[in-house]
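Asks: Have a look at the structure that comes next, please.
Computed from the coordinates by the stated procedures, all read-outs in this text should not be read as laboratory data. Small disclaimer: the values here were computed from a predicted structure and weren't measured. A quick note on method: Cβ atoms are made from the backbone with ideal geometry, for glycine too, and the neighbour counts reach across all protein chains shown.
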């Protein structure tokens with residue numbers, strides 16, 4: 001599926017308000033320009049942290065890096081990887 005990533009997402013109002021939405025000023029409804037971030041695989045985590053893939057898997061399985069479990073797959077949200085990095089900084 002190929003998406004145009006530069007198009008902002010518009011949060012539409014409920015169906016009963018859509019007629020007024022079409023005639024409303026542009027600033028009345030929120031325009032969300034943030035795109036959802038992709039979940040990271042162990043290989044992505046390993047590359048970002050500059051560690052081996054097996055160590056990345058180990059950290060994920062031990063719960064040291066918070067994961068999302070989808071059936072047998074584990075994925076890491078970018079914000080959870082950032083949290084892991086911040087929590088492991090030396091003073």
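Asks: How many nm separate the modelled label positions at residue 88 and residue 68, each set 7 Å beyond the Cα in the direction of the Cβ?
Replies: 2.1
Asks: Also: From the convex hull of the Cα coordinates of the range 42-87, what is the mean projected area in square nanometres?
Replies: Averaged projected hull area, Cα only: 2.9 nm².
Asks: Provide the gained length on full extension for the span residue 79 to residue 47, in nm with one decimal, where the gain is 0.36 nm per separating residue minus the Cα-Cα distance.
Replies: 9.9 nm
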